[in-house]
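Since the structure comes first, as structure tokens, the remarks are kept for the end.
Nothing in this text is a laboratory measurement; each read-out follows from the coordinates by a stated rule. Quick caveat, the model's predicted, so the values are computed rather than measured. Methodologically, a virtual Cβ is constructed for each residue, glycine included, from the backbone with ideal geometry; neighbour enumeration extends over all protein chains shown.
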Amino acid sequence: MSVRIAKGALLALCLTGSGLLSAGEIAVFAGQGADVNLPDIIPKLLKGDIDMDPTWFWGLNYSREIAMEGLNPVSRFLIEHRITPEWEVQLTKHHGLQDNYESHLAWLLRTRNLELGSIATANFAAGMGPSYAFSKPTYEDGPNGQPNQGEYQFQNYITFEFEFGTPALPDWTLALRVHHRSGMYGLIAPRRVGSNFFALGVRHSF
């Protein structure tokens with residue numbers, strides 16, 4: 001167990017790089033596995049027809065804005081539309097139908113805050129990047145879509161997140177996100193492998 005923790009911590013430190021933890025945001029996430037495919041999440045949520053599985057994770061997440069320099073077309077577009085690029089790294093510990101550590105590095109785009117009256121704000125973010133499970137992620141679907149047959153450790157990570165804050169606590173927010181792993185339609189792992197988790201997090205800016 002201590003060896004696995006050390007490997008996960010070492011990877012997280014390597015991904016963040018020396019000196020990059022001087023500013024940014026720290027979040028703690030708790031998630032539960034959902035028996036649903038990524039394209040079906042919104043329709044099934046609207047119908048209230050999603051089955052949750054007895055498997056969970058805890059995740060420690062560090063994120064930071066990416067400075068936009070120069071006047072290239074991408075920077076101009078993001079600035080004009082008030083979209084902020086970010087990167088994040090997360091170390092995750094699963095328990096339940098799988099028992100492994102996982103880490104991911106992702107690049108995200110986040111919208112500006114939308115004011116919800118005078119007491120709350122909300123924004124939306126989406127991102128993706130590489131994800132690695134330090135042992136077989138047995139809860140995940142296998143190559144034929146069968147549940148609990150996961151064996152592919154390196155996959156693609158995708159997240160969609162709603163973040164909520166309040167002016168009364170400017171350094172604290174709540175985040176609701178989808179935590180998705182898959183093989184990118186066969187590019188890095190077979191089609192139909194992967195998993196989806198719904199996660200709730202508390203984030204602190206410093």
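Quick one: is R191 of a type in the set (K, R) and either in contact with a His (Cβ under 9 Å, 6 or more places away or on another chain) or surrounded by fewer than 17 Cβ atoms within 10 Å (Cβ to Cβ) (or both)? Spell out how you get there, then give the answer.
On the way: of a type in the set (K, R): yes; either in contact with a His (Cβ under 9 Å, 6 or more places away or on another chain) or surrounded by fewer than 17 Cβ atoms within 10 Å (Cβ to Cβ) (or both): yes.
So R191 fits the description; yes.
Which one of these does V178 not meet: (1) buried (at least 21 other Cβ atoms within 10 Å of the Cβ); (2) assigned to a strand (DSSP E or B)?
Condition not satisfied by V178: (1).
Please find, within segment 89-123, the residue that is surrounded by the fewest Cβ atoms within 10 Å (Cβ to Cβ) out of those that are outside any strand (DSSP E or B) and among the β-branched types (V, I, T). Break it down stepwise before answering.
Applying the first criterion (outside any strand (DSSP E or B)) to segment 89-123 yields 96-100, 111-113, 117-119.
Remaining after also requiring among the β-branched types (V, I, T): 111, 119.
Values: T111: 15, I119: 9.
Top of the filtered list is I119.
I need every pair where a residue in segment 146-163 that is touching a residue at least 60 places away in the same chain (Cβ under 8 Å) has its Cβ under 6 Å from the Cβ of a residue that is in a strand (DSSP E or B) and not polar (S, T, N, Q), sequence separation at least 6 or different chains.
P147/D141; I158/M128; I158/H180
For segment 155-188, name all the residues that are polar (S, T, N, Q) and out of contact with any His (no Cβ under 7 Å at 6 or more places or on another chain). Reasoning before the result, please.
To start, the set of residues in segment 155-188 that are polar (S, T, N, Q) comprises 155-156, 159, 166, 173, 182.
Answer for segment 155-188, where residues must be polar (S, T, N, Q) and out of contact with any His (no Cβ under 7 Å at 6 or more places or on another chain): Q155, N156, T166, T173, S182.
Which residue pairs have Cβ atoms under 9 Å apart, sit 6 or more places apart or on different chains, and have a first residue in segment 185-203 that is over 17 Å from E163 (Cα atoms) and a second that is among the aliphatic types (A, V, I, L, M) and part of a loop (DSSP other than H, G, I, E, B)?
Within 9 Å, the pairs are N196/V36.
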